[in-house]
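The values are calculated or read from the model by the stated rules, or taken from the named source; none is laboratory data. The shown structure was predicted, so the numbers you read here are calculated from the model rather than taken from an experiment. All Cβ positions, glycine included, derive from the backbone under ideal geometry; neighbour counts span all protein chains shown.
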Amino acid sequence: MNQEFDCDVLIVGAGPTGMSAALALCDAGYKIIIIDKHEKGLSYSRAILVNSNTLSLLKPYGVADKIITMGQPCSSMTISGPDGVIIEGSIDATNLIDVHPILLPQLITEQCLEEGLKERNITIDRPATFKWFEQNNNNVESIIDRYGQQFLIRSKYLLGADGFHSAVRLSLGINYNQSVSPIWMYSMDAEIDWDSHSDANIWILNSGAALAMKIGDNKVRFAATSKQTFMELGISNNIKKITWESEFEVYFAQVQTYGAGRVWLAGDAAHVHSPVGGRGMNMGIADGISFVQAVINNDFIGYQNDRHAISGDWVRKNRLFTELMCDRSIKGKLGRTFVRSAFKVISILFGKNAANKVFRAIAVG
């Protein structure tokens, strides 16, 4: 072994989940080491929505203000069907911090989080790959590989925030309960002449569903259950430039337990689902900060029970809704007809507040 290091918490994974935990741990007075196997961060943005609850969680660490400055408020939403608009209206700012959800590519959100770490003199050690760990009643000893050289990190706790293919989860031997067959979806970022008055637009069509959200001046993130459904929107001729495009697999998974002893999981290492609802990154950040409270209070049973209940409930709902939207059979078409009818009833019952009600149910819970 070349070198040995000691810290209170070793964080594996420097995405939004890991960086949020690092910020909260640092401000609580803990010595942390945060590593990531990638030499650089992501080259594309998975998430684009930072909801109001997440901004409230990040506000004590100075990151919420950075995100609000860099992004733009999501203050309105339109839901349409094949025959036109079903629901249209404003999205209210939350009472927690009196600010709207923010539309911002994940790349920039991560830059805001990393800037917060740098202000605290915390540097992400990358590329550094977690190999395995051993734990006892007092600490965790982890072996890390860096450019082919191995070193040991001895910590009081280990947090696996290392995503869908989590090496920490695999080392724990925890069942991920992953869906066997993936669902394919389509997404694109584009520069476009966009005349929609709403920041978020949802279409529930006979062939599937599509979403468009503003991420800057004349820049829009599109997501759809298929490229065919996106093409049915009839807006491709308005696109000036495609800056990112992907057809990607979606799985659904939920761990049986968030960890054991002194080793715990957070974010995509513990749960994964489709981008429908925009909750993935937000739930990961909430996991990370909740883990810090568990460290402070020495209450990991509480952490396990609380986060498992929240993520488990959403993964089930998200899977049901995503499969319904993606199903191209008669059953799927009938299901989408039912959803459109339900939205029409909501529009009648809640009037101008209908869009706010639906957005909160989908994106916040």
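List of remarks:
- Unique residue being touching a His at 6+ places or on another chain (Cβ under 8 Å) and either β-branched (Val, Ile, Thr) or closer than 30 Å to residue 150 by Cβ (or both) when the list is 73, 127: 127
- No other residue among 207, 179, 226, 246 is polar (S, T, N, Q), within 27 Å of residue 102 (Cβ to Cβ) and in contact (Cβ under 8 Å) with a residue 12 or more places away in the chain apart from 246.
- Of everything in the stretch 170-187 that is part of a loop (DSSP other than H, G, I, E, B) and hydrophobic (A, V, I, L, M, F, W, C), the residue that is nearest to residue 264 (Cα to Cα) is 174.
- The listed residues are 354, 286, 361, and the only one of them that is surrounded by 21 or more Cβ atoms within 10 Å (Cβ to Cβ) and farther than 23 Å from residue 161 by Cα turns out to be 354.
- Test: residue 143 is farther than 25 Å from residue 50 by Cβ and surrounded by 21 or more Cβ atoms within 10 Å (Cβ to Cβ): no
- Pick from the stretch 206-231, criterion of a type in the set (D, E, K, R) and farther than 13 Å from residue 326 by Cβ, ranking: surrounded by the fewest Cβ atoms within 10 Å (Cβ to Cβ): 217
- So residue 13, is it at positive phi, of a type outside the set (D, E, K, R), in contact with a helix residue (DSSP H, G or I) (Cβ under 9 Å, 6 or more places away or on another chain) and buried (at least 21 other Cβ atoms within 10 Å of the Cβ): yes
- Among the residues making up the stretch 25-68, those that are more than 15 Å from residue 104 (Cβ to Cβ), in the same structural domain as residue 291 (by TED's automatic domain parsing) and surrounded by fewer than 15 Cβ atoms within 10 Å (Cβ to Cβ) are 27, 28, 29, 31, 39, 40, 43.
- Condition met for residue 299 (touching a Lys or Arg at 6+ places or on another chain (Cβ under 8 Å) and among the acidic types (Asp, Glu)): no
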